[in-house]
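The values are calculated or read from the model by the stated rules, or taken from the named source; none is laboratory data. Just so it is clear, the structure is predicted and the values come from calculations on it, not from any experiment. Here Cβ is always computed from backbone atoms with ideal geometry, including for glycine, and neighbour counts include all displayed protein chains.
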């Protein structure tokens, strides 16, 4: 994840202390990216509320279903990770298995961009 998602090899920092700090920061980011993928593989039926707050999964529902308004019930963590994966890459066949870490990384980037601009895009129908 440090190499494929965070591109840590492109930093080219010459000072060892700064490089250690950067690796620690990117390690935390990598764990944040890997967490949903591995939790979804181990316990796919858990509610997505363990990783996403209510407003986040409501925006995910609106983006995924291309409609305004909130979902009645939260997604499972497996469904939420698949939705994030669909944002990060092409829609896959059901037989392909769960999305990979790089796809989840790209999907999380797109999702949090949409989440941060949710008022502008009027996902929730509240603006």
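Take the residues of region 4-24 that are loosely packed, with under 12 Cβ neighbours inside 10 Å and under 23 Å from residue 108 (Cα atoms): which is nearest to the chain's Cα centre (by Cα)?
Taking the candidates together, the pick is 7.
Within region 41-55, track down each residue that is surrounded by fewer than 13 Cβ atoms within 10 Å (Cβ to Cβ) and assigned to a loop (DSSP other than H, G, I, E, B).
Selection gives 43, 45, 53.
If you check residue 31 against the conditions, is it within 16 Å of the chain's Cα centre (by Cα), surrounded by 14 or more Cβ atoms within 10 Å (Cβ to Cβ) and part of a helix (DSSP H, G or I)? Write out each step before concluding.
Numbers: within 16 Å of the chain's Cα centre (by Cα): yes; surrounded by 14 or more Cβ atoms within 10 Å (Cβ to Cβ): no; part of a helix (DSSP H, G or I): yes.
So residue 31 fails the test.
Go over the candidates 63, 81 one by one and state the one that is at pLDDT below 90, touching a helix residue (DSSP H, G or I) at 6+ places or on another chain (Cβ under 7 Å), surrounded by 20 or more Cβ atoms within 10 Å (Cβ to Cβ) and under 29 Å from residue 7 (Cα atoms). So that I can check it myself, show each step before the final result.
On the way: 81 fails: at pLDDT below 90.
Going through 63, 81 in turn, just one is at pLDDT below 90, touching a helix residue (DSSP H, G or I) at 6+ places or on another chain (Cβ under 7 Å), surrounded by 20 or more Cβ atoms within 10 Å (Cβ to Cβ) and under 29 Å from residue 7 (Cα atoms): 63.
Within region 106-127, how many residues are in a helix (DSSP H, G or I) and either within 24 Å of residue 4 (Cα to Cα) or modelled with pLDDT of 70 or more (or both)? Before you say what the answer is, go through the steps one by one.
Restricting attention to region 106-127, the residues satisfying the condition of being in a helix (DSSP H, G or I) are 106-116, 118-121.
Right, trim to either within 24 Å of residue 4 (Cα to Cα) or modelled with pLDDT of 70 or more (or both) and you get 106-116, 118-120.
Total satisfying the criteria: 14.
Any idea which residue in region 86-105 is surrounded by the most Cβ atoms within 10 Å (Cβ to Cβ), counting only those that are within 17 Å of residue 31 (Cβ to Cβ) and under 9 Å from the mean Cα position of the chain (by Cα)? Steps first, answer last, please.
So the first thing to find is which residues in region 86-105 are within 17 Å of residue 31 (Cβ to Cβ), and the list is 100-102, 104-105.
Retained after the next criterion (residues that are under 9 Å from the mean Cα position of the chain (by Cα)): 104-105.
On the way: 104: 27, 105: 22.
Across region 86-105, the extreme among qualifying residues is 104.
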